[in-house]
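Heads up, the thing below is written out as structure tokens.
The values are calculated or read from the model by the stated rules, or taken from the named source; none is laboratory data. Only a predicted model underlies this, so the values are computations on that prediction, with no experimental measurement involved. All Cβ positions, even for glycine, are placed from backbone atoms using ideal geometry, and neighbour counts span all protein chains on display.
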Amino acid sequence: MKPTVRSLALALAAVAGAAVAGNPFANSTSTAGGYPTWDSDLIDIENVTQTGHGVYVAVLDTGLVPNWRDYFPRARIAEHLGAGFEQSVTFRAGANPCQTEVEVGPLRRTTWVGSTGSTHGTHVASTIIGYSYRSEFDAAAGFPLPPIQVRGIAPEATIIPVKVLADYQVPAAPRCPDPTLAQGGPAVFGTAEMVAAGLDHVTDLAIAGYRPMVVNMSLGGGALDAVEKAALDRAIANGVIVVAAAGNEGTAGMSYPGAYAPVISAGSVGWTGEWLFPGSGPRYRMWWLQYPGAPMLPGSGQVAEPTPLNEVYVSDFSSRAILSAGQQLDVLAPGSWVRGPFPGTPGYNHLPWWSSGQGALRGRNSGNFFYVGGTSMATPHVASVAALMLQKNPALSQAQVESILKTTAMPVPAVGSRLVYDFDHFTDIVWDTSCGALGACDPVGRGLVRADAAIALTP
């Protein structure tokens with residue numbers, strides 16, 4: 001049996017770290033009073049009063065790191081409702097030197113405590129409910145912030161962690177000319193059966209009364225298996241709102257389930273002000289955070305108002321919808337260089353951000369926080385806005401949520417380009433909405449999600 005593999009909708013990452021003494025937020029119940037960021041400003045969260053209170057958001061992903069309490073208020077994680085689903089996978093060499101045949105074992109239920117190969121699910125959850133933060137890297141660069149909380153898009157929503165992506169060891173394929181495949185090694189992915197089981201688990205919870213319910217699927221694959229399609233249809237039919245990543249394949253087209261029409265799909269945009277000193281040239285590491293006064297520069301993390309259209313670009317990795325294949329891209333959301341907890345690998349090798357010492361700076365100790373880019377990061381922004389809408393009207397259906405999000409989105413040009421600062425190479429580059437050789441494609445959907453407009457239109 002050959003499973004359809006679901007992988008992380010993740011594109012870019014750069015390291016940062018942390019270390020101080022004591023966690024001052026150990027008894028916190030919400031990040032609603034925390035500091036906003038460029039991405040929350042871009043979708044106008046500052047104009048809404050809803051917090052997601054009373055709404056469940058199931059994050060189908062890699063689970064949460066064992067030390068998730070370092071980052072999240074305990075009240076925001078429904079520990080008793082979480083679950084994990086895994087299948088054993090046996091790899092065998094195939095006739096093609098670059099392909100392996102796989103055989104999967106029976107599905108089994110396990111813990112939602114996360115994968116050791118990736119802490120992707122923790123970063124995704126942090127966009128929704130916010131997180132506790134301090135980085136020694138900031139201090140070393142001249143920005144010694146005290147411990148703070150970063151505000152989530154839906155800071156009082158309740159996360160249900162569901163692990164559907166697990167750790168595997170892919171064998172080497174020494175005769176394959178692709179060096180990555182030739183080497184083999186650890187990988188994090190899930191089968192269609194694992195994803196479907198996660199969806200069914202969440203749907204069962206919604207039927208049992210844990211609603212309103214949103215599902216965040218920052219994952220994707222090249223096809224939609226029947227078992228996963230059936231689970232998606234069942235979830236939507238039972239009032240569960242499903243949001244999925246468009247994928248990081250750029251001009252190669254969308255991944256599934258994001259490309260499946262009934263699902264609300266999220267592509268990625270970035271901000272032309274990223275990494276820049278406010279009002280002038282590079283390079284400013286605190287561009288992402290709005291924090292009043294020293295050590296921050298005025299204008300940090302603040303996007304131009306009333307409309308930021310000229311400051312938005314479509315991420316090059318964000319999948320374009322191939323129209324001839326019937327793919328549907330719905331909306332765009334911030335997905336480039338989103339800051340959040342991404343504790344070090346392998347195996348959570350890091351010191352807590354609140355601990356004494358400077359291991360992140362001086363030792364071989366991975367950091368706690370990363371700037372990460374991908375439609376994985378765009379998806380929780382859209383799921384969070386859906387949660388805010390459901391707080392106002394818990395009876396909204398999937399079709400209604402999708403319609404409101406699309407109707408109120410800010411149109412983004414389907415052709416054109418933006419000049420942005422390339423952090424990796426310290427130079428300006430042009431990012432555009434090209435479809436490449438695809439022919440007819442849709443890179444922008446209905447445009448950029450706007451939280452305030454969506455909530456205003458919610459009946």
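Computed quantities for the displayed model
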read-out	value
Residue in segment 178-185 that is in contact with a helix residue (DSSP H, G or I) (Cβ under 6 Å, 6 or more places away or on another chain) and either at pLDDT 90 or above or under 28 Å from ALA93 (Cβ atoms) (or both) present	no
Residues located in segment 32-87, provided they are more than 30 Å from MET296 (Cα to Cα), over 17 Å from the mean Cα position of the chain (by Cα) and not in a strand (DSSP E or B)	HIS53, GLY54, VAL55, PRO66, ALA75, ALA78, GLU79, HIS80, LEU81, GLY82, GLN87
Criterion violated by ASP422 - all others in (1) without any contact (Cβ under 8 Å) to a residue 24 or more places away in the chain; (2) within 30 Å of ALA235 (Cα to Cα) satisfied	(2)
Pairs where the first residue, in segment 332-345, is more than 15 Å from GLY270 (Cβ to Cβ) and the second is assigned to a strand (DSSP E or B) and of a type outside the set (Phe, Trp, Tyr), C-beta under 7 Å, 6+ apart	GLY340/VAL372; PHE342/ALA13; PHE342/VAL372; PRO343/HIS350; GLY344/HIS350; GLY344/SER366; THR345/SER366
Set ALA83, ALA16, ALA78: member being modelled with pLDDT under 95 and of a type in the set (A, V, I, L, M, F, W, C)	ALA16
So ASP204, is it free of Cβ contacts under 8 Å to residues at least 12 places away in the same chain, more than 19 Å from the chain's Cα centre (by Cα) and in a helix (DSSP H, G or I)	yes
